[in-house]
Every structure is written in C-alpha cells, then in structure tokens.
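Computed from the coordinates by the stated procedures, all read-outs in this text should not be read as laboratory data. Keep in mind it's a predicted model, so treat the numbers as computed, not measured. Cβ: placed from backbone, ideal geometry, glycine included. Neighbour counts: every protein chain shown.
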Amino acid sequence: MGSRNWIAALAVTAGLLAALPAAALDKVTFGTNWKAQAEHGGYYQALVDGTYERYGLDVTVRQGGPNVSHPQLLAASKIDFNMGGNMFAAFNYLTNKVPMVTVAAAFQKDPQILMVHPDTPYRSLADLKGVTLLISRAGQLTFWQWLKRAYGYTDQQVRPYTFNPAPFIANKDWGQQGYVTSEPFAVEQTGGFTPRVFLLADNGYQSYSTTVETSWKLVDENPDLVQRFVDATAIGWVNYLYGDPSAANALIRRDNPDITDAQLAYSLAKMKEYGIVDSGDTETLGINAMTDARWRSFYGFAVDAGLFAPGLDLERGYTLRFVNKGVGLDRKKELLARQ
C-alpha cells in the first residue's frame with residue numbers, strides 16, 4: 001500500500017474513532033453529613049476540577065441537613081456513599097447487623113473540641129474536671145464517654161448544648177463543645193473574643209471522622225467503582241488543601257448560600273493548621289488512610305467504656321482494601337513546590 005493510501009486509511013480510522021460516543025461515566029451519589037461547607041471541600045474540589053470525571057465518575061454531592069438521614073438512604077440503596085461521622089457509626093452498624101462498611105477516613109483527626117473563655121485559668125482538658133460544660137445529646141453518647149474515662153469528668157458537669165453559643169458567651173466560667181473549624185469562629189463573630197480551644201484528637205481521642213461509608217453489596221459487586229471514588233476524593237482533598245480552592249468554594253456557596261467567604265477561609269485554615277485531613281499516617285500512606293491498629297484500639301476503648309459489646313466482627317465494619325496506596329502524594333509534592 002502506498003504512503004498516500006496509508007495516510008488515507010489512518011484518516012478514515014481517526015474519523016471513525018472520533019465519531020464513537022465517549023465512554024459513559026458511572027453515576028454516583030454521595031451524601032454528606034450537613035449542609036455544604038469547607039469540611040466537604042475535597043468532594044466539591046474533585047467535582048469542579050474534573051477529577052471525578054477523569055476517574056470515570058459522574059458524582060452528585062447530596063447535602064445533609066437536620067431532616068436528612070443519609071445512612072438510612074445508603075442502607076436502602078438510595079445513595080452509593082455516605083459521609084460518616086466517626087468510628088462509633090461503624091460499631092453501631094455491626095451491632096445492628098446493617099451491612100455497611102467504612103472504606104476511607106477523610107479526617108485523620110476528629111475536629112471535636114472543648115473551648116473556654118481566654119481569661120479563665122483553664123490550660124488543659126484536665127483543668128476542666130468539675131467545670132460546667134455544654135454538651136449535646138449526641139456528644140454525651142460519644143466523645144463525652146472518652147472524656148469521662150480519660151479525665152474523670154462526671155455527668156453532673158453537663159448542661160445541654162443546643163448549638164447556640166449565647167449561653168457560653170454569657171457565662172465566662174463555662175466550657176462548650178464545638179468543632180475547631182466552626183464554633184470558635186461563631187464565638188469570635190458574636191462574642192467578640194477568641195476562645196481557648198482544646199482539640200480532643202491532640203489529647204488522645206483516636207476516632208477517625210468524616211469517613212466514607214458504602215454498602216458491602218457495592219464493595220463486592222463493583223470494587224473498581226469504590227476504588228475510583230476513594231482515589232479521586234483523595235486527589236480532590238489534596239487540590240483543595242494545597243491548590244486553589246476558589247472554584248470549590250463557589251460551588252459550596254451555591255449549594256449553601258448561608259455560608260460566608262470568611263467562614264470558608266477560617267475552616268480551611270484550621271483544617272490545615274491542625275492537620276485534620278492530612279497528618280500522621282496520611283503523610284506516607286496518602287489522604288483517607290486507616291490502620292487496623294487504630295480501629296482495634298478505639299474499639300477496645302468503646303468496649304471498656306461499656307458502649308459496645310465485645311466480640312464484634314471488626315473486619316465487617318471497615319476495610320483497608322481501598323486506602324493506604326499513596327494516592328495524591330505526588331500531587332501534594334507538586335503543589336507544595338509551587339508555593
């Protein structure tokens with residue numbers, strides 16, 4: 001065949017390939033634990049910068065809120081992935097024989113804090129033994145149990161926290177729960193002072209937070225899709241933390257018009273300052289890292305505290321199959337080199 005014929009044949013082939021439809025993206029729905037915020041930034045980043053699409057995914061991020069139960073929707077196969085709160089959720093699923101599994105941990109540190117007024121003598125969590133503390137009902141069932149065992153707190157200290165900072169602001173000797181990424185900002189804006197904060201994770205509280213949950217059915221039937229979602233999300237977090245988050249923040253504001261630029265900037269800065277997403281194991285294993293040792297240790301605490309029965313099959317509550325592969329480490333190095 002002459003050269004002209006070869007060229008003509010290649011041109012025809014190229015034309016045929018161009019005419020073929022693009023491979024269909026796998027549709028995925030991910031439910032968050034609250035309205036859109038910087039704490040969801042990695043997912044929104046992976047949406048706006050095309051990371052999910054490059055991994056063959058058409059992802060819908062479905063906001064949570066006060067009247068939304070994404071765990072129930074996941075259990076009913078109405079969504080594909082759910083943002084879990086902490087490791088207690090996995091233990092609850094196991095206890096109630098709900099076939100859901102944690103496949104990644106976006107937050108290496110739970111952002112849970114206690115905070116006090118800056119002019120009080122309290123300098124550590126140990127100093128707060130006996131101090132009146134505003135704790136939510138959900139908090140009393142989770143991290144409060146750890147505080148009682150670790151620091152000797154008692155239930156007599158507790159007053160209900162209703163997610164309104166006014167009682168804390170008005171009572172200078174009280175403490176209050178919160179997230180390091182949000183409640184201190186609200187106090188600064190409303191009360192005009194910067195509270196002193198104690199991050200529980202920096203004082204021995206080991207729970208992963210903002211986990212990624214899915215069904216065992218999806219893991220068994222389509223592990224490739226699960227892997228792609230976990231990997232793309234890790235890249236999204238790297239880009240949000242160390243790249244330009246402006247497009248993701250714009251999408252967050254579109255979904256949640258009540259959030260401000262100042263709140264988004266504050267939350268992102270605190271996530272980076274405290275290593276909420278990227279610290280410890282993630283520095284070598286990549287974002288979303290988890291370890292058997294940490295799961296077993298936290299479960300041991302939960303059993304010792306009488307919160308869960310011994311003998312739960314932890315291997316049915318989480319899996320390391322999709323994490324600890326170093327995804328995003330090269331991208332992080334690249335972005336940091338530009339700064």
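Couple of notes before you dig in:
- Cα shape, segment 138-270, gyration tensor, a/c 1.5 rule: oblate
- Summing +1 for each Lys or Arg and -1 for each Asp or Glu among the other residues whose beta-carbon sits under 13 angstrom from that of LYS333 gives -1.
- Rounded to whole Hz, the Karplus (6.51, -1.76, 1.60) HN-Hα couplings of segment 310-320, x for glycine and proline: x, x, 5, 7, 4, 5, 9, x, 8, 9, 8
- Among THR60, SER136, THR214 the positive-end extreme of the charge dipole of the chain (Cβ point charges): SER136
- Low-density loop positions, GluC sites (Glu not before Pro), segment 261-339 - DSSP coil, at most 12 other Cβ in 10 Å: none
- Value of relative contact order over segment 112-203, rounded to a whole percent, pairs C-alpha under 8 Å and six or more apart: 47 percent
- Under a model in which nothing but the beta-carbon of Lys, Arg (+1) and Asp, Glu (-1) is charged, segment 224-339 shows a dipole of about 180 debye around its Cα centre.
- Sorting TRP34, TRP144, TRP216 by the number of Cβ atoms found within 10 Å of their own Cβ, with the fewest placed first, yields TRP216, TRP34, TRP144.
- In this simple spin-label model, placing a label point 7 Å from the Cα along the Cα-to-Cβ direction at both THR190 and ASN164 gives a separation of 0.8 nm.
- Based on DSSP H segments of at least four residues, each scored -39500 (n - 2.57), the chain has a per-residue ellipticity at 222 nm of -12500 deg cm²/dmol.
- Relative contact order computed over the chain (Cα-Cα under 8 Å; 6+ residues apart), in percent: 28 percent
- For segment 182-327, averaging the sequence separation of C-alpha pairs within contact (under 8 Å, six or more residues apart) and dividing by the residue count gives a relative contact order of 25 percent.
- Counting every other Cβ atom within 10 Å of each residue's Cβ, ARG338, ARG54 order from fewest to most as ARG338, ARG54.
- Pairwise centroid distance, computed over Cα atoms, of segment 130-175 with segment 86-102, Å: 26 Å
- Label point of LYS172 set 7 angstrom out along Cα-Cβ; within segment 117-141, amide nitrogens under 17 Å from it belong to 117-123, 132.
- Judged by the ratio a/c of the largest to the smallest principal axis of the C-alpha gyration tensor, segment 36-121 counts as oblate, that ratio being 1.5 or greater while a/b is no larger than b/c.
- Counted by neighbouring Cβ atoms within 10 Å, the residues LYS27, LYS148 run from fewest to most as LYS27, LYS148.
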